[in-house]
1. For the range 80-96: of the residues being outside any strand (DSSP E or B) and of a type outside the set (D, E, K, R), which is modelled with the highest pLDDT?
2. All but one of (1) surrounded by 18 or more Cβ atoms within 10 Å (Cβ to Cβ); (2) more than 19 Å from the chain's Cα centre (by Cα) hold for C82; which doesn't?
3. Yes or no: Q46 closer than 24 Å to R141 by Cβ and either out of contact with any strand residue (DSSP E or B) (no Cβ under 9 Å at 6 or more places or on another chain) or of a type in the set (D, E) (or both)?
4. Modelled with pLDDT of 90 or more, part of a loop (DSSP other than H, G, I, E, B) and either loosely packed, with under 12 Cβ neighbours inside 10 Å or touching a helix residue (DSSP H, G or I) at 6+ places or on another chain (Cβ under 7 Å) (or both): which single residue out of G147, G77, G158, G99 fits that description?
5. One residue is enough: does the range 57-64 have a residue meeting the conditions in contact (Cβ under 8 Å) with a residue 24 or more places away in the chain and either charged (D, E, K, R) or within 25 Å of I13 (Cα to Cα) (or both)?
6. Taking the conditions exactly as written (modelled with pLDDT of 95 or more, among the small types (G, A, S) and within 18 Å of the chain's Cα centre (by Cα)), does A70 satisfy them or not?
Amino acid sequence: MAEQFYANRYASILYRYSQRFLTDLLRREKIPLESAQIPVLLRCAQHPGITQEEIASVTGLDKATVARTAATLESRGLMHRCSDPEDRRANRLTLTSQGEQLLPDVEAVVDRLHRAIYRGLSPQEQSEACRLLVQMCSNLRSAVEQGRTGRSCRAGNGPAQTTEDL
(Lines give C-alpha, C1' and ligand atoms only; values in the text may rest on other atoms or scores of the structure.)
Protein backbone atom coordinates (compact mmCIF):
# COMPACT_ATOMS: atom_id res chain seq x y z
CA MET A 1 0.00 0.00 0.00
CA ALA A 2 1.44 3.38 -1.02
CA GLU A 3 1.85 6.00 1.66
CA GLN A 4 -0.48 8.93 1.14
CA PHE A 5 0.71 12.51 1.36
CA TYR A 6 -0.81 14.51 4.19
CA ALA A 7 0.55 18.02 4.69
CA ASN A 8 0.04 17.88 8.46
CA ARG A 9 2.52 15.01 8.73
CA TYR A 10 5.19 17.06 7.03
CA ALA A 11 4.26 20.17 8.99
CA SER A 12 4.77 18.12 12.14
CA ILE A 13 8.13 16.83 10.93
CA LEU A 14 9.14 20.37 9.97
CA TYR A 15 8.20 21.55 13.47
CA ARG A 16 10.22 18.80 15.17
CA TYR A 17 13.32 19.48 13.06
CA SER A 18 12.87 23.22 13.69
CA GLN A 19 12.84 22.63 17.44
CA ARG A 20 15.98 20.50 17.25
CA PHE A 21 17.71 23.12 15.08
CA LEU A 22 16.75 25.93 17.47
CA THR A 23 17.72 23.96 20.58
CA ASP A 24 21.15 23.27 19.11
CA LEU A 25 21.71 26.90 18.10
CA LEU A 26 20.50 28.28 21.42
CA ARG A 27 22.96 26.04 23.25
CA ARG A 28 25.86 26.84 20.92
CA GLU A 29 25.20 30.59 21.12
CA LYS A 30 24.69 30.35 24.90
CA ILE A 31 21.29 32.02 24.71
CA PRO A 32 19.42 31.29 27.97
CA LEU A 33 16.15 30.23 26.33
CA GLU A 34 14.38 27.09 25.28
CA SER A 35 13.05 26.92 21.73
CA ALA A 36 9.44 26.86 22.96
CA GLN A 37 9.95 30.22 24.72
CA ILE A 38 10.90 32.05 21.53
CA PRO A 39 7.34 32.70 20.23
CA VAL A 40 6.28 34.30 23.53
CA LEU A 41 9.42 36.43 23.75
CA LEU A 42 9.14 37.60 20.13
CA ARG A 43 5.42 38.43 20.40
CA CYS A 44 6.14 40.55 23.47
CA ALA A 45 8.93 42.33 21.61
CA GLN A 46 6.69 43.00 18.60
CA HIS A 47 3.64 43.99 20.65
CA PRO A 48 4.60 45.40 24.07
CA GLY A 49 1.70 45.01 26.48
CA ILE A 50 0.20 42.05 24.63
CA THR A 51 -1.92 39.74 26.77
CA GLN A 52 -1.17 36.09 27.39
CA GLU A 53 -4.51 35.25 25.77
CA GLU A 54 -3.61 37.23 22.64
CA ILE A 55 -0.31 35.32 22.37
CA ALA A 56 -2.17 32.03 22.75
CA SER A 57 -4.62 33.02 20.04
CA VAL A 58 -1.95 34.08 17.54
CA THR A 59 0.51 31.24 18.16
CA GLY A 60 -1.90 28.34 18.63
CA LEU A 61 -0.39 27.62 22.05
CA ASP A 62 -2.81 26.91 24.85
CA LYS A 63 -3.32 29.55 27.52
CA ALA A 64 -1.72 27.47 30.27
CA THR A 65 1.45 26.97 28.23
CA VAL A 66 1.72 30.70 27.55
CA ALA A 67 1.14 31.45 31.25
CA ARG A 68 3.87 28.99 32.33
CA THR A 69 6.27 30.31 29.70
CA ALA A 70 5.63 33.92 30.73
CA ALA A 71 6.18 33.00 34.39
CA THR A 72 9.48 31.32 33.51
CA LEU A 73 10.65 34.27 31.41
CA GLU A 74 9.65 36.61 34.24
CA SER A 75 11.58 34.55 36.79
CA ARG A 76 14.65 34.82 34.55
CA GLY A 77 14.32 38.60 34.46
CA LEU A 78 13.44 38.74 30.76
CA MET A 79 9.80 39.79 31.01
CA HIS A 80 7.36 41.73 33.19
CA ARG A 81 3.81 40.54 33.76
CA CYS A 82 1.24 42.94 35.13
CA SER A 83 -2.51 42.76 35.52
CA ASP A 84 -4.56 44.65 32.98
CA PRO A 85 -6.23 47.53 34.88
CA GLU A 86 -9.45 46.99 32.90
CA ASP A 87 -9.49 43.20 33.32
CA ARG A 88 -7.67 41.87 36.37
CA ARG A 89 -7.84 38.32 34.96
CA ALA A 90 -5.63 39.34 32.01
CA ASN A 91 -1.86 39.68 32.23
CA ARG A 92 -0.05 42.16 29.99
CA LEU A 93 3.49 41.26 29.02
CA THR A 94 6.48 43.45 28.23
CA LEU A 95 10.17 42.68 27.91
CA THR A 96 12.62 43.90 30.50
CA SER A 97 15.80 45.65 29.41
CA GLN A 98 17.56 42.28 29.81
CA GLY A 99 14.96 40.68 27.50
CA GLU A 100 15.42 43.47 24.96
CA GLN A 101 19.20 42.99 25.04
CA LEU A 102 18.71 39.31 24.23
CA LEU A 103 16.44 40.08 21.28
CA PRO A 104 19.08 40.59 18.53
CA ASP A 105 20.65 37.21 19.34
CA VAL A 106 17.26 35.48 19.32
CA GLU A 107 16.30 37.14 16.03
CA ALA A 108 19.61 36.01 14.51
CA VAL A 109 18.92 32.41 15.54
CA VAL A 110 15.41 32.57 14.06
CA ASP A 111 16.85 34.07 10.87
CA ARG A 112 19.27 31.14 10.60
CA LEU A 113 16.35 28.75 11.00
CA HIS A 114 14.45 30.47 8.21
CA ARG A 115 17.47 30.41 5.91
CA ALA A 116 17.82 26.66 6.52
CA ILE A 117 14.12 26.00 5.90
CA TYR A 118 13.94 28.06 2.70
CA ARG A 119 17.26 26.99 1.20
CA GLY A 120 16.79 26.17 -2.48
CA LEU A 121 13.37 27.79 -2.73
CA SER A 122 12.76 30.85 -4.88
CA PRO A 123 11.12 33.89 -3.26
CA GLN A 124 7.90 32.96 -5.09
CA GLU A 125 8.05 29.39 -3.77
CA GLN A 126 8.69 30.66 -0.26
CA SER A 127 5.70 32.97 -0.52
CA GLU A 128 3.44 30.23 -1.90
CA ALA A 129 4.53 27.74 0.78
CA CYS A 130 3.74 30.28 3.50
CA ARG A 131 0.42 31.20 1.91
CA LEU A 132 -0.64 27.55 1.75
CA LEU A 133 0.41 26.82 5.33
CA VAL A 134 -1.42 29.92 6.60
CA GLN A 135 -4.55 28.79 4.74
CA MET A 136 -4.31 25.27 6.20
CA CYS A 137 -3.85 26.70 9.71
CA SER A 138 -6.85 28.96 9.18
CA ASN A 139 -8.96 26.03 7.97
CA LEU A 140 -8.08 23.91 10.97
CA ARG A 141 -8.48 26.78 13.43
CA SER A 142 -11.98 27.44 12.06
CA ALA A 143 -12.87 23.76 12.32
CA VAL A 144 -11.70 23.66 15.95
CA GLU A 145 -13.49 26.89 16.86
CA GLN A 146 -16.71 25.64 15.27
CA GLY A 147 -16.50 22.37 17.17
CA ARG A 148 -16.22 20.30 14.02
CA THR A 149 -13.44 18.07 15.31
CA GLY A 150 -14.03 14.36 14.94
CA ARG A 151 -16.59 14.74 12.18
CA SER A 152 -15.99 13.93 8.57
CA CYS A 153 -14.90 16.96 6.53
CA ARG A 154 -14.41 17.28 2.81
CA ALA A 155 -11.33 19.26 1.75
CA GLY A 156 -11.38 20.53 -1.81
CA ASN A 157 -12.17 17.76 -4.29
CA GLY A 158 -10.38 15.08 -2.31
CA PRO A 159 -11.93 12.22 -0.36
CA ALA A 160 -13.74 12.82 2.91
CA GLN A 161 -11.31 12.71 5.82
CA THR A 162 -11.76 12.33 9.53
CA THR A 163 -9.41 13.17 12.35
CA GLU A 164 -8.43 9.49 12.35
CA ASP A 165 -6.70 10.10 8.97
CA LEU A 166 -4.43 12.64 10.60
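1. T96
2. (1)
3. The answer is yes for Q46.
4. Among G147, G77, G158, G99, only G77 is modelled with pLDDT of 90 or more, part of a loop (DSSP other than H, G, I, E, B) and either loosely packed, with under 12 Cβ neighbours inside 10 Å or touching a helix residue (DSSP H, G or I) at 6+ places or on another chain (Cβ under 7 Å) (or both).
5. yes
6. yes
The values are calculated or read from the model by the stated rules, or taken from the named source; none is laboratory data. Because the structure is predicted, anything quoted here is derived from the model rather than measured. When we count neighbours, we look across all protein chains shown, and the Cβ atoms used for this are built from the backbone with ideal geometry, even at glycine.
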